């Protein structure tokens, strides 16, 4: 392994009855804090919003990434920026008519622009604005549905994206999101992923004690990446 795999726990998974403690433990160890914002429209479930980030902001140092699983992300970009988001990441199919306006707005607000692609979304759709992006999130399952199996074709998609990044001399981060588990860390890393998003199965369900859960998860990653080779 010649480069670290960055970890982005999905903070909406924190136990509300142990919230302050879990945030403290995770913030001390995580590279990013992943904030899933769902509107019940683009995806079938609802979740936390910008107010959640605003509450976290005074107590965390890891950069927060607002993953906007919402039909009209343009409506809440400013709220996310004011709440302390370091990255704002809408989905490609929600910004097709105003992608450049959306990303330039995010950047003008002092945030880094990201974009997320569902498994069926084409990489060619984002080629025109790759130079504006600091992060590209590849969903390895369909967004918004728990309990799915990882779509292994996404390893090839990540590999292609990594090649596009190299060919164009760009430096955006590549993130993998969805159904993370011990079996996928190595193929994701070797395909070119820089960040993995950790949900309940990957972290919280490992042990009721968040420190022990983190240790188990980290051991799984370390074991999976032993002797792994980047593209």
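Where a number appears in this text, it was derived from the coordinates with a stated rule and is not lab data. Keep in mind the model is a prediction, meaning the values are calculated, not measured. We place every Cβ from the backbone using ideal geometry, glycine too, and count neighbours over all the protein chains shown.
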What is the Cα centroid distance between the range 150-220 and the range 97-132, reported in whole angstrom?
21 Å
For residue 168 and residue 219 in the same chain, what is the full-extension length gain: residue separation times 0.36 nm, less their Cα-Cα distance, in nm?
14.9 nm
Calculating Cα extents along the principal axes in Å from this structure picks out, from (1) 45, 39, 30; (2) 43, 37, 33; (3) 49, 43, 38, entry (1)
Quickly work out the residue 27-to-residue 61 label distance, labels modelled 7 Å from Cα along the C-beta direction, and quote it in nm with one decimal.
1.0 nm
Taking the range 6-224 and dividing mean pair separation by its residue count, relative contact order in percent (alpha carbons under 8 Å, at least six apart):
17 percent
Using a 10 Å cut-off on Cβ atoms, rank the peptides 47-55, 184-192 from the highest mean neighbour count down.
184-192, 47-55
Selected from 72, 34, 59 as most flexible by GNM, with the chain as the system and alpha-carbon contacts under 10 Å
59
